[in-house]
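First, the structure itself, so that you have it in front of you.
The values are calculated or read from the model by the stated rules, or taken from the named source; none is laboratory data. A quick note: this is a predicted structure, and the numbers were derived from the prediction, not measured. Cβ atoms come from the backbone with ideal geometry, glycine included; neighbour counts cover every protein chain shown. Accessible surface areas use protein heavy atoms only, side chains included; no ligands, DNA or RNA. Shrake-Rupley method; radii C 1.70, N 1.55, O 1.52, S 1.80 Å.
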Amino acid sequence: LGEFCELTYESSHSESVLLFAESLLQDYAPQLEPPALRSDLFEPDWFKLFPPELRPSPSCVIIGGEGARSTLHADPFEWVGTNVCVEGRKLWRFLPPAPDVKDLLCSYRLPSVAWGSKGKSLSAGWQSDFDLWARRRGDAPRARALNTGDPDASSELLASMADVSTGLLQPGTSLPADAVRRLVPCVQHAGDVVLIPPGWWHQTYYPEPSICSAGQYLDAHCRQSVFQHILDWTGNDSRADAIDEKLTPQEQVDALLLLLARIPASGERTGPAAQAQPGRGGAARAGLKPGRVGAGALRRDARPRRAR
């Protein structure tokens, strides 16, 4: 981990480094696991009520150097995603869910089998080979220039980088103009928690070396989207609203598991999952650039379609 952190200082837009470590804290430093979400703001996480082998891992450490970016994706399970910035700052671009957005982005599905589900897949995220940060203008501020000593001036610089209209960081030229018009920018500072609503597409960019921890939760407010996602992905014709919301959370989770006719094995595709995977060269056509990523560090549906 220390060696990788050193690499972040060599990172650039054209040759970036990005690490996704799904079980780093759980395996080596469980005492550093992020604390539970504030009970006065959030309900308990229902994912903890699932059988252990079917639960998403509670956190993922993400370390990026300058110029690194995630893939463009929408999360599996259609949960509420969380992202805590521990050190540094990060830029986000969001695309709200819409009936045409999956086709607009030429999206495809990635089953969530990379994190301890023992070959069973309850969900799949969506991913696109388009890059919302493909082109960096020569006058875009470098990491050193962002540390001005003036927090307000630094925040203005970051906001100008996140805003696609300034032209400092542009999507690939093949991204449809209609998608560009819908982009919603966000700047995340150290200590900020970003909440990602169900179904929202997003891609992050690292203007400077940063460390974050990503997670997710399921509660009564998103149980409809999560339950229906699971039923659809596993090829079950049942409706999530058939589960009585007056039941306790554990009873609702148990009822969901009883509805599941089967759980597809790794790589098996059912229902809406039966969509074509992109052909060779898709990433290159979308304007993605190569980079590097730590070995064995793949996170959920955000697994790269390029070497990083």
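Could you check how many residues of the stretch 65-112 are farther than 16 Å from Pro185 by Cβ, over 13 Å from the mean Cα position of the chain (by Cα) and not in a loop (DSSP other than H, G, I, E, B)?
Taking the stretch 65-112 and keeping what is farther than 16 Å from Pro185 by Cβ, we get 65-68, 71, 73-82, 84, 86-88, 97-112.
Cutting the leftovers down to over 13 Å from the mean Cα position of the chain (by Cα) gives us 65-68, 86-88, 97-109, 111.
From what's left, not in a loop (DSSP other than H, G, I, E, B): 86-87, 101-104, 108-109, 111.
The total comes to 9.
Something else: Filter the stretch 229-259 down to the residues that are within 20 Å of Pro76 (Cα to Cα), in a loop (DSSP other than H, G, I, E, B) and without any contact (Cβ under 8 Å) to a residue 60 or more places away in the chain and list them by number.
If the condition is that a residue be within 20 Å of Pro76 (Cα to Cα), in a loop (DSSP other than H, G, I, E, B) and without any contact (Cβ under 8 Å) to a residue 60 or more places away in the chain, then Gly235, Asn236, Asp237, Ser238, Arg239 are the ones that fit.
Does the stretch 217-228 contain any residue that is crowded, with 19+ Cβ neighbours inside 10 Å and assigned to a strand (DSSP E or B)?
yes
Taking the stretch 129-148, which residues are outside any loop (DSSP other than H, G, I, E, B) and touching a strand residue (DSSP E or B) at 6+ places or on another chain (Cβ under 9 Å)?
Arg135, Arg136
Then there is this: Please work out if Leu183 is of a type in the set (A, V, I, L, M), under 24 Å from Glu78 (Cβ atoms) and touching a helix residue (DSSP H, G or I) at 6+ places or on another chain (Cβ under 8 Å).
yes
If I filter the stretch 49-56 for residues that are open to solvent by less than 10 Å² (accessible area, probe 1.4 Å) and in contact with a Ser or Thr (Cβ under 7 Å, 6 or more places away or on another chain), do I get at least one hit?
Within the stretch 49-56 (the criterion being open to solvent by less than 10 Å² (accessible area, probe 1.4 Å) and in contact with a Ser or Thr (Cβ under 7 Å, 6 or more places away or on another chain)), the answer is no, since none of the residues qualifies.
When only residues in the stretch 139-158 that are open to solvent by 40 Å² or more (accessible area, probe 1.4 Å), more than 11 Å from Pro207 (Cα to Cα) and among the small types (Gly, Ala, Ser) count, which is nearest to the chain's Cα centre (by Cα)?
Ser155
I've got another one for you. Output the number of the condition that Ser165 fails; it satisfies all remaining conditions of (1) among the polar types (S, T, N, Q); (2) touching a residue at least 24 places away in the same chain (Cβ under 8 Å); (3) farther than 26 Å from Tyr9 by Cα; (4) surrounded by fewer than 18 Cβ atoms within 10 Å (Cβ to Cβ).
Among (1) among the polar types (S, T, N, Q); (2) touching a residue at least 24 places away in the same chain (Cβ under 8 Å); (3) farther than 26 Å from Tyr9 by Cα; (4) surrounded by fewer than 18 Cβ atoms within 10 Å (Cβ to Cβ), Ser165 violates only (2).
Between Glu22, Glu53, Glu43, which is touching a Cys at 6+ places or on another chain (Cβ under 7 Å) and of a type in the set (Asp, Glu)?
Glu22
Of the conditions (1) surrounded by 20 or more Cβ atoms within 10 Å (Cβ to Cβ); (2) farther than 14 Å from Ala214 by Cα, Asp75 satisfies every one except a single condition; which number is it?
Unmet condition: (2).
So which residues in the stretch 168-189 are assigned to a loop (DSSP other than H, G, I, E, B) and open to solvent by 20 Å² or more (accessible area, probe 1.4 Å)? Talk me through it step by step, then tell me what you get.
Applying the first criterion (assigned to a loop (DSSP other than H, G, I, E, B)) to the stretch 168-189 yields 168, 171-176, 182-183, 189.
Of everything in the stretch 168-189, those that are assigned to a loop (DSSP other than H, G, I, E, B) and open to solvent by 20 Å² or more (accessible area, probe 1.4 Å) turn out to be Thr173, Ser174, Pro176, Arg182, Leu183, His189.
Is one or more of the residues making up the stretch 137-152 hydrophobic (A, V, I, L, M, F, W, C) and touching a His at 6+ places or on another chain (Cβ under 7 Å)? Can you show your working first?
The initial filter retains those residues of the stretch 137-152 that are hydrophobic (A, V, I, L, M, F, W, C), namely 140, 143, 145-146.
Okay, now just the ones that are also touching a His at 6+ places or on another chain (Cβ under 7 Å), so none.
No, the stretch 137-152 has no match at all.
For the stretch 228-242, does any single residue satisfy the condition of being within 24 Å of Ser70 (Cα to Cα), modelled with pLDDT of 95 or more and in contact with a strand residue (DSSP E or B) (Cβ under 9 Å, 6 or more places away or on another chain)?
yes
What about Val61, is it part of a strand (DSSP E or B) and crowded, with 22+ Cβ neighbours inside 10 Å?
Yes: the conditions hold for Val61.
Taking the conditions exactly as written (in contact with a strand residue (DSSP E or B) (Cβ under 7 Å, 6 or more places away or on another chain), open to solvent by less than 20 Å² (accessible area, probe 1.4 Å), under 30 Å from Arg55 (Cα atoms) and touching a residue at least 60 places away in the same chain (Cβ under 8 Å)), does His202 satisfy them or not?
yes
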